[in-house]
Each structure stands twice: as C-alpha cells, then as structure tokens.
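Here's the structure, in structure tokens; my notes come after.
The values are calculated or read from the model by the stated rules, or taken from the named source; none is laboratory data. Nothing here was measured: the structure is a model prediction, and the numbers come from that model. All Cβ positions, glycine included, derive from the backbone under ideal geometry; neighbour counts span all protein chains shown.
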Amino acid sequence: NAGVTQTPKFRILKIGQSMTLQCTQDMNHNYMYWYRQDPGMGLKLIYYSVGAGITDKGEVPNGYNVSRSTTEDFPLRLELAAPSQTSVYFCASSYGTGYETQYFGPGTRLLVL
Amino acid sequence: DAKTTQPNSMESNEEEPVHLPCNHSTISGTDYIHWYRQLPSQGPEYVIHGLTSNVNNRMASLAIAEDRKSSTLILHRATLRDAAVYYCILRDYNNAGNMLTFGGGTRLMVKP
C-alpha cells in the first residue's frame, strides 16, 4: 500500500492564481481530511469528508473548496491565492470516526508570492 | 474538545528513556488520549492511544493517571530518529467529525 499520497510536493503561486492540491489514499478509508500547518504551529483542519459526495468545513475553510467524487480522492482547490495561504498542506485519511488512527500524507509546501 | 498542555521542548540523551508529560485537566469521560509525532519535514504519524489503562506498543508506552487528568508518553530508549514534535491530543469518540486538534506539542531533541 502506498498509503496517502499528495501532489505536488512544492509549488510557488502568484497572488490571484488558482491551483488544486491532489490527495489519494489506497486504504479504502471513508474519512479524509485537509490540514494546513503554518511555520512553528500545529495543524489546523480546513475541510473533511465522511464519504464520497459528503464534505464539511473545518476550522479554517475560507479561501478553499473541496469535492469528493470517489472514495480514493479528495482534492483541495485554492481559488485566488493569497500570501496568507502560504503553508504546508497535509491530507489525511481514517477508516472511521471516534478514536480511529489518522494516516497522513507527506505534505505539499505552497508559497504564494 | 478539551485542551491539553505540554512543555514546549525537552532534551534527552540517546539510548536513555524519555518521559513526555501532558496535562488535560478538563478531560471528559468519552475522550481518548492520543499521541502523534511529526518528524522534520514529514506529516504527523500515530504513536499510541489509550482511554483509562496504560498501553504499550512497539513504539512507546502510555501511562495514564488514575484521575485521567494527565498522561505520560514513554520512549524506552531514545534514538536520534525519535527527534520530533510530539502532540498529545484528546479525541471524543462521539465526535462525528473525527478531526484532530493539534496544539503546539513538545519538541524533543535527542543528543548523541
């Protein structure tokens, strides 16, 4: 199993540009998540999904959109990139809710200039 | 979710045991205590979790106070590879969102 994979590893965007961060998991997990981590800080939840076709906002959803058309994929869309979105983005997945372990991808480092 | 308090940083010598404390005085009866760690330039990874009893796995041990208001992650023999930020997280098993709420964590430095 590859686990959770993310692409790209690193990207530079200009202010106002858009991009999609890709996330794929091969563990047949129902739950998927997007977090962002600013330098020296803990992770903050952006969006999560409890299954295909179902998504919900986390703590910091503004400026982002998500979709979940399949169990495996959970892309994160940035519209009109801003310098405040400079961060490392982590995708994660888990089988279920409650105390289930979350498995994280390697992250995408995004720089908005 | 209830909050946790951890020291900002700790130091250890290689091959010595490390005890990483976590205070969670407002823990509820449905909160599990989880530990994740984040190695440099990587995503977080699960370490261990428990509810009331002490737990052991191949990575670490988790000692939970009888009143559950504090816990300690124990690395029995620290290696250089254990240098990471360790997060203590409370998770309500009734939480449908299943999100992890990360605090600042403890940065563990391991000296050779």
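For the range A:7-20, the criterion of a residue being buried (at least 19 other Cβ atoms within 10 Å of the Cβ) and touching a Ser or Thr at 6+ places or on another chain (Cβ under 7 Å) is satisfied by no position. The sole residue among A:THR70, A:THR101 that is within 14 Å of chain B (Cβ to nearest Cβ) and of a type outside the set (D, E, K, R) is A:THR101. Tell me whether the range A:58-67 contains one or more residues that are within 30 Å of B:SER9 (Cβ to Cβ) and within 10 Å of chain B (Cβ to nearest Cβ). Yes: one or more hits.
Is the range B:50-68 home to any residue that is more than 11 Å from chain A (Cβ to nearest Cβ), in a strand (DSSP E or B), in contact (Cβ under 8 Å) with a residue 24 or more places away in the chain and among the hydroxyl-bearing types (Ser, Thr, Tyr)? Give the steps one after another, and end with the answer.
Restricting attention to the range B:50-68, the residues satisfying the condition of being more than 11 Å from chain A (Cβ to nearest Cβ) are B:52-68.
Now drop any that are not in a strand (DSSP E or B), which leaves B:55-56, B:61-64.
Those still in the list that are in contact (Cβ under 8 Å) with a residue 24 or more places away in the chain too: B:62, B:64.
Checking the rest, the ones that are also among the hydroxyl-bearing types (Ser, Thr, Tyr) come to none.
The answer is no, given that none of the residues of the range B:50-68 is more than 11 Å from chain A (Cβ to nearest Cβ), in a strand (DSSP E or B), in contact (Cβ under 8 Å) with a residue 24 or more places away in the chain and among the hydroxyl-bearing types (Ser, Thr, Tyr).
You will find that of A:LEU43, A:LEU76, A:LEU80, the residue that is buried (at least 17 other Cβ atoms within 10 Å of the Cβ) and over 21 Å from B:ILE89 (Cα atoms) is A:LEU76 and no other.
Tallying residues that are surrounded by 15 or more Cβ atoms within 10 Å (Cβ to Cβ) and among the hydroxyl-bearing types (Ser, Thr, Tyr) within the range B:44-54 yields 1. Within the range A:29-43, take every residue that is touching a residue at least 60 places away in the same chain (Cβ under 8 Å) and in a loop (DSSP other than H, G, I, E, B) and give me the one that is nearest to A:GLY3 (Cα to Cα). Among them, the one singled out is A:HIS29.
A:PRO106 meets all of the listed conditions (1) within 9 Å of chain B (Cβ to nearest Cβ); (2) buried (at least 19 other Cβ atoms within 10 Å of the Cβ); (3) not aromatic (Phe, Trp, Tyr) but one, namely (2).
Scanning the range B:2-43 for residues that are part of a loop (DSSP other than H, G, I, E, B), more than 12 Å from the chain's Cα centre (by Cα) and surrounded by 17 or more Cβ atoms within 10 Å (Cβ to Cβ) yields B:ILE27, B:GLY43.
A search for C-beta distances below 9 Å between a residue of the range B:24-38 that is more than 20 Å from B:ASN57 (Cβ to Cβ) and in contact (Cβ under 8 Å) with a residue 12 or more places away in the chain and any residue that is buried (at least 22 other Cβ atoms within 10 Å of the Cβ) and among the β-branched types (Val, Ile, Thr), counting only pairs 6+ apart in sequence or on different chains, returns B:HIS24/B:THR4; B:HIS24/B:ILE33; B:ILE27/B:THR4; B:ILE27/B:ILE33.
From B:LEU20, B:LEU100, which residue is closer than 25 Å to A:GLN37 by Cα and more than 12 Å from every other protein chain (Cβ to nearest Cβ)?
Numbers: B:LEU100 fails: more than 12 Å from every other protein chain (Cβ to nearest Cβ).
Testing whether each residue is closer than 25 Å to A:GLN37 by Cα and more than 12 Å from every other protein chain (Cβ to nearest Cβ) leaves just B:LEU20.
For A:VAL66, the criteria (1) within 22 Å of B:TRP35 (Cβ to Cβ); (2) modelled with pLDDT of 95 or more; (3) hydrophobic (A, V, I, L, M, F, W, C) hold in every case but one, which is (1).
Scanning the range B:14-38 for residues that are modelled with pLDDT under 95 and closer than 25 Å to A:GLY105 by Cβ yields B:TYR32, B:ILE33, B:HIS34. Each residue in the range A:1-26 was checked for being out of contact with any helix residue (DSSP H, G or I) (no Cβ under 7 Å at 6 or more places or on another chain), on the phi < 0 side of the Ramachandran plot, modelled with pLDDT of 95 or more and assigned to a loop (DSSP other than H, G, I, E, B), and 6 pass.
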